[in-house]
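S.K.: Let me give you the structure first, and then I'll get to my questions.
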Amino acid sequence: MATERASFLRPSPDRGDTIAAAAVALTVLVAMVNARFGTEWGRGIHFVYTAAAALVAIGMAAMSPRPTERPAGWQSVLFVASFVLFFAALANLADLLGADDAPFGSSGTIVWVGLLLAGLAAWFATGWNSGISTLLCALTLVVVILAFIDWVFSPEEVDTFRWILLLIALGFGGFGAARRPSEPDHAVGFVNAAGIALFLLASTFLAELIVGAAFGGVTDLGSPVGSTGWGWELVIFAGSAALIAYAVIARQAGPGYLGALNLLAFVLLAGGPGEDGPSLIGWPLVLIIVTAGLFALGRGNSGTGAGVPARPAPDPSESPTAVQPRP
């Protein structure tokens, strides 16, 4: 009987796309039922059907074939669906156990839910060489670290979380860069997580900018609009450049998009006029110098004709399609 149940959950690679579509439909169904009957049904009922759906998805993902290199696309869909359904089950479990506004009402709840989610994603990442699971694991750890700091230390200053996000971005980015030669799929997951952590850092300043603009030019912390600080602006700019450089070197699109997003945040934060009005002194002057230097470096000696030697024209007689003369 157990063998028959196991064979029922084992997905066939020939029907992988159909199984992935079914997993997506199951995830949407669970989300819709949870939203529509959130107050009509009891906590226990919500936990039972979300846990059952999560077990089905996780079982199919766990019994899918382990690839020699990277998993198939339909397997990645199964991993993501399993992660989402497991999160829904844990959220309902936390609500059933009496957590306040589960799962995000308490930092302690976020920590234990996040650790279980990170464990599932790490299992998929290591067992099936899943890059998307590595990204999900890294992003979950970002949330867990922030929640743990809030739970244990309860800091009152937002600067504490900014420094934590900076350390996370540096740690994940450095780890991803070091693992790129041996594990490129997993490395880009950590680099992407570093880019998201950097954007969360920038978002704390963007939030102050929006609040300050809405309430007379002064934020709720008493700082004037646009007072990000040159050091933090440098961090955001340098991190954006590093993300784009990684995208070019590793030929991965994700870090490039995140680098562009962080550059947009940098422009919004550093592009405002100073206390004495608009001026080219400061970041505009720095960017002028950087732009000129990069253009000069990129051109090299092309103007003198001593750059990269031109490739010799191919010999038509060596072409495989060339017509050979008859003897």
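FYI, it's all coordinate maths here, none of it is from the lab. What you see is a predicted model; the values in this text were computed from it and never measured.
S.K.: Using the Karplus curve 6.51 cos²θ - 1.76 cosθ + 1.60 with θ = phi - 60°, what ³J(HN,Hα) values do you get for each residue of region 30-39, in whole Hz, with x for Gly and Pro?
M.R.: These are the phi-based 3J(HN,Hα) values: 4, 4, 5, 5, 5, 6, 6, 10, x, 9 Hz.
S.K.: Which ³J(HN,Hα) values in Hz, rounded to whole numbers, follow from the phi angles of region 112-122 under the Karplus curve 6.51 cos²θ - 1.76 cosθ + 1.60, where θ = phi - 60° and Gly and Pro get x?
M.R.: 6, 5, x, 5, 5, 5, 5, x, 5, 5, 5
S.K.: If you take the Cα atoms of region 105-182, find Rg, then find the Kirkwood Rh from the mean of 1/r over all pairs, what is Rg/Rh?
M.R.: Here Rg/Rh amounts to 1.03.
S.K.: In whole Å, what three semi-axes, largest first, describe the equivalent ellipsoid of region 1-154 built from its Cα gyration tensor (square root of 5 times each eigenvalue)?
M.R.: After diagonalising the Cα gyration tensor, the semi-axes are 28, 21, 12 Å.
S.K.: Convert each backbone phi in region 237-249 into a coupling constant with the Karplus relation 6.51 cos²θ - 1.76 cosθ + 1.60 (shift: θ = phi - 60°), then list the ³J(HN,Hα) values in order as whole Hz, x for Gly and Pro.
M.R.: 5, 5, x, 5, 4, 5, 5, 5, 4, 4, 4, 5, 5
S.K.: Run through every distinct alpha carbon pair of region 157-271 and return the Kirkwood hydrodynamic radius in angstroms, one decimal place.
M.R.: 14.4 Å
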